[in-house]
Amino acid sequence: MASNEKEVHEPVEIHKLSTQEYREELREAIEAEHSLTFSDALRKYPKAIGWSMYFSLGVIMLSFDPQLLGNLYAMPAFQRDFGYPFEGGYIIKTEWQTALGMGNPIGQVVGALAAGYPMEWYGRKRTFNVCVIAVAGLIFIQFFARSLKVLLAGELLAGLVLGFFVVIAPAYASEVTPLPMRSVATSYVNLCFVTGQLLGNGVTAATKDINNHWAYSIPFSLQWFWILLILPGMYFAPESPWWLARQGRLEDAERSLRRLSSRHVNVRAILVQIVETDRLERQMEAGSTYRDVFRKVNWRRTEIAIGVYTTQVLCGIYLINYGTYFFSLAGLNTEQAYNMGIGFMAVGWISVVFSWWLMQKFGRRPLYNIGLAMLMVIMFLVGILDVVPAKGAVWAQSALLLLWNFTFDWSVGPVAYAIFCEVSATRVRSKTIAVATAVQATVGIIMTVAIPYLIAPDQADLRGKLGFFFGGLSLPCLIWCYYRIPEMKGRTYEELDIMFERKVPTRGFVSYII
């Protein structure tokens, strides 16, 4: 995005610009984008920031659903209605925990890959609207489920549609916000994930003592609240100007840019920059299909997007989804386990907001690598405490996992969204995000199958020893990240296209001059 202080109202007619005028507009756009400060971006693009936050609301529903399910396994009413007697209480069969847990990630794999097509054919806005309406209907299945089979069907179908949101939200945010706000807008998606998890923990903690089906039916029904919050803005939301420009709809792109920015922004310069970036990627033969995502011109960028997103799973985030259940098995009573789960997500929420300042100050690469190294060490400490039990070990493990969650949410969590949005070429951004999401969700399916067996008392009963498992997986991820993740802070999309095309070394991105 670009701006200047004069008010610009002239219609955009790029095809009538002379070569010199075109170059001047492009130069102005690039210079203005680099000189734009964070406070300037807040002042000149408040509507763009607001709409990017609006499109991210769907992610709250996406994260609320699996977090809700993980907490229900520790809920007495849910255990009684869906489980079997075990040691004086009830427990959900491990096979069903696995099956139910797989509903959301399987849906994400299919939904994320499917999202790339309607997003290119019909745009971000229309795809988002259809998904919201579909989710509103599918919630009925979960709400009225009184058997594990019906609940599984509801989880699978809802996950299929919810998988669209994790592609739409970061793609839209990266395309409508200016350069200084890009890391905040894209990592806001992670804040929505944490918000959904926090609400899932809070709602189940509030209803856990109800002795009938409303203990879990009320949490399921609260998903309709987000539908009601999204519905009023569906008609008014502006479409992505990048998508409109790629469709050749420059007048619509102009209108969208004007709706996303203040009157002091030179819309023509921004549109010239969008058109020029698209022209450059066409010249590089970047393409716009799923096949193009894996072509040589894009492969390095695709690898980075997949790597940073999948590392989230490999370093241990799926263990946090079972946090309340983990704490109850570790020896905390139901009240303490739920309170600890809420504390987890509250700390994570604050940490994500803290990451916005850190990314502005230090960039992406150092935050991601340092954070991942700390996560690895913490996981190993959790495992050691389980092998060498001592008085208060349970609370020490809980404190370490709290620290792990805080570290994750200022580093690997939010920074991954900024990286995979920035690293992808604009013509294949939605598809690159979709592929990265599908791979991450596939690894998530493996974890969903494994964790219930590893953690359940009637199976492997590893409990805190899972720290060794995730700490060990984090080590190769850390080595890969050090050698493959470049620093992209302060770079326009056109500059990134040029740098990847010239095969700039990973550690050369910071100082490279175009």
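The values are calculated or read from the model by the stated rules, or taken from the named source; none is laboratory data. Owing to the predicted nature of the structure, the values given are computational and were not obtained by experimental measurement. Cβ placement follows ideal geometry from the backbone for every residue including glycine, while neighbour counts extend to all protein chains displayed. These area figures cover heavy atoms from the full protein model, side chains too; ligands, DNA and RNA do not enter into them. Shrake-Rupley method; radii C 1.70, N 1.55, O 1.52, S 1.80 Å.
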Q | Top-ranked residue in the range 239-252 [being assigned to a helix (DSSP H, G or I) and without any contact (Cβ under 8 Å) to a residue 40 or more places away in the chain; ranked as most open to solvent (accessible area, probe 1.4 Å)] | A | Asp252
**Q.** Output for the range 483-499, where each listed residue is within 22 Å of Leu358 (Cβ to Cβ), open to solvent by less than 20 Å² (accessible area, probe 1.4 Å) and not in a loop (DSSP other than H, G, I, E, B)
**A.** Leu496
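Would it be correct to say that Arg502 is within 30 Å of Ile92 (Cβ to Cβ) and open to solvent by 40 Å² or more (accessible area, probe 1.4 Å)?
Against the criterion (within 30 Å of Ile92 (Cβ to Cβ) and open to solvent by 40 Å² or more (accessible area, probe 1.4 Å)), Arg502 does not qualify.
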Q: Of all residues in the range 17-31, count the ones that are modelled with pLDDT under 85 and open to solvent by less than 60 Å² (accessible area, probe 1.4 Å).
A: 7
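Determine whether Trp357 is in a helix (DSSP H, G or I), over 17 Å from the mean Cα position of the chain (by Cα) and free of Cβ contacts under 8 Å to residues at least 24 places away in the same chain.
Values: in a helix (DSSP H, G or I): yes; over 17 Å from the mean Cα position of the chain (by Cα): yes; free of Cβ contacts under 8 Å to residues at least 24 places away in the same chain: yes.
Considered against the rule, which asks whether it is in a helix (DSSP H, G or I), over 17 Å from the mean Cα position of the chain (by Cα) and free of Cβ contacts under 8 Å to residues at least 24 places away in the same chain, Trp357 comes out as yes.
Going by the structure shown, is Leu42 open to solvent by 40 Å² or more (accessible area, probe 1.4 Å), more than 23 Å from Phe140 (Cβ to Cβ) and of a type outside the set (Ser, Thr, Tyr)? Steps first, answer last, please.
Details: open to solvent by 40 Å² or more (accessible area, probe 1.4 Å): yes; more than 23 Å from Phe140 (Cβ to Cβ): yes; of a type outside the set (Ser, Thr, Tyr): yes.
It is true that Leu42 is open to solvent by 40 Å² or more (accessible area, probe 1.4 Å), more than 23 Å from Phe140 (Cβ to Cβ) and of a type outside the set (Ser, Thr, Tyr).
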Q | Selection from the range 52-95 of residues that are among the aromatic types (Phe, Trp, Tyr) and more than 29 Å from Ala185 (Cα to Cα) | A | Tyr73, Phe78, Phe82, Tyr84, Phe86, Tyr90
Q: Please find, among Val194, Val272, Val265, the residue that is among the β-branched types (Val, Ile, Thr), part of a loop (DSSP other than H, G, I, E, B) and within 30 Å of Gly363 (Cβ to Cβ).
A: Val265
